[in-house]
Amino acid sequence: MESTSAFQRYQLLQSYVGWTEADAQRVASVASLLEPALPGLVDDFYRQIERHESTRKIITGGTEQIARLKKTLIGWLRGLLAGRYDAEHVAGRWRVGWRHVEIGLDQVFTNVALSRLRQGLLAELQARWHGDAELLRRTLGSLNTLLDLDLAIIEDAYQSEYLARQQRSERLAAIGQVAGGVAHELRNPLNVVKTSVYYLLNARQLLPEKRLEHLQRIERHVELADNVITALSNFARQPLPTRHPFSLMHCIQEALETNPIPEKVRVMVDSPEQLPAALADHDQIRIVFANLIRNACDAMQPSGGRLGIAIRVADGKLIVDVSDTGVGIEPDRLSQIMEPLYSTKARGLGLGLAIARAILDRNQGSLSVVSTLGKGSIFTVTLPAQTDSPSP
């Protein structure tokens, strides 16, 4: 759901429960009173997470991750007490629900976790309050209502994202029977083979070294085509990926080498000298980058432009931005371009991005996009990294 529609939905919920500006002012008036209590509430929150297996499993980064999450939660609580509940506030709550789907946290644990925070906030407010009893009662009511609104928007986001992922999975299973999808991945290696065969048949003076070069080229791309067929056939059968550490930079170079770059397209690669190994299925991930590179080049035709590939590491993840300076994607199409059988091209099956996202989902990665009409697009791939094993 877009941020504007999420905010409109939030405003509808506010109206439904009778939320007013007076409620916002009452909550904001106790922010300074509750500020000293926030670290203790956050410590208690994460102690409970570590005590239960169902919630402890989401903490994969040890004490460093917990320290970061504590800062985030304190920021969330401060935002709760700020008295400013605009579109930015709602977008932050929406991201919480979306993130819980991504990490596989059952929504029921969000409900009970927020209940524990609620108990702590209300108890601290009552203990620290020294004013009028009636005003305290109203302020407690406002805070309770605000927490209910936050929980509603988080749960709405969770349900929307969960349903969207479920629908994508069902649609991808259905199109696993579409044999034409294989053609999308085979076109480039077959074109290379065709070019080499034409040269071998028509060259007037065929030197031995040239003959060997083109035969090896044909062999290499036939093997690539075979790997693509195997990977896509496995994908159609809903396999678990074979995840092993591999060099992400080498995988991207393979994708570049097997997808001829148009003459007017400049390629710029930005990567740290040392990178951790990616932990995923090498053959499947190469298909992802081949798709993104091909799409980026197509978006810059016929005038050309710059294809950028930037790699960075954050929070135990490898993050790759594949950018182009092409025509961009219309805002109303951004939410659809990764859906199966949807294509913005005059000739295209609309499977490339759907396959890429499904592959990344199965490899514990993700794919997202931002785009500006007339300026280009950036597709961001996130992959798990094997942090104890650097790769060149």
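The values are calculated or read from the model by the stated rules, or taken from the named source; none is laboratory data. All of these numbers come straight from a predicted model, not from anything done at the bench. A quick note on method: Cβ atoms are made from the backbone with ideal geometry, for glycine too, and the neighbour counts reach across all protein chains shown.
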The number of residues in region 10-68 that are at pLDDT 90 or above, loosely packed, with under 11 Cβ neighbours inside 10 Å and of a type in the set (D, E, K, R) is 1
Residue set V269, V265, V228; condition crowded, with 16+ Cβ neighbours inside 10 Å and at pLDDT 90 or above; output residue V265
Please determine whether any residue of region 104-119 is over 19 Å from the mean Cα position of the chain (by Cα), crowded, with 17+ Cβ neighbours inside 10 Å and aromatic (F, W, Y). no
Hey, does region 59-74 have a residue that's touching a Ser or Thr at 6+ places or on another chain (Cβ under 8 Å) and either in contact (Cβ under 8 Å) with a residue 12 or more places away in the chain or closer than 21 Å to Y16 by Cα (or both)?
-> no
Note on R99: of the conditions (1) over 23 Å from P384 (Cα atoms); (2) part of a helix (DSSP H, G or I); (3) among the charged types (D, E, K, R), unmet is (1)
Notebook entry, point to check: within 19 Å of Y10 (Cα to Cα), polar (S, T, N, Q) and in contact with a Gly (Cβ under 9 Å, 6 or more places away or on another chain) - does that describe any residue in region 140-151?
Noted result: yes
Selection over region 19-49 where residues are of a type outside the set (A, V, I, L, M, F, W, C), closer than 20 Å to I153 by Cα and in contact (Cβ under 8 Å) with a residue 40 or more places away in the chain yields a count of 1
ask   = Are any of the residues in region 98-106 in the same structural domain as P39 (by TED's automatic domain parsing), of a type in the set (D, E) and closer than 26 Å to D361 by Cβ?
value = yes
Restricting region 293-310 to residues that are assigned to a strand (DSSP E or B) and more than 23 Å from the chain's Cα centre (by Cα), the one farthest from A385 (Cα to Cα) turns out to be G305
Of the residues in region 1-46 that are hydroxyl-bearing (S, T, Y) and over 22 Å from R137 (Cα atoms), the one that is nearest to the chain's Cα centre (by Cα) is S3
The one condition G83 fails out of (1) assigned to a loop (DSSP other than H, G, I, E, B); (2) farther than 21 Å from L121 by Cα; (3) in contact (Cβ under 8 Å) with a residue 12 or more places away in the chain is (2)
**Message:** I'd like to know if region 37-46 contains one or more residues that are out of contact with any Pro (no Cβ under 8 Å at 6 or more places or on another chain) and farther than 22 Å from S115 by Cβ.
**Reply:** no
Checking V313, V370, V381 in turn, the sole residue that is modelled with pLDDT of 90 or more, assigned to a strand (DSSP E or B), surrounded by 20 or more Cβ atoms within 10 Å (Cβ to Cβ) and not small (G, A, S) turns out to be V381
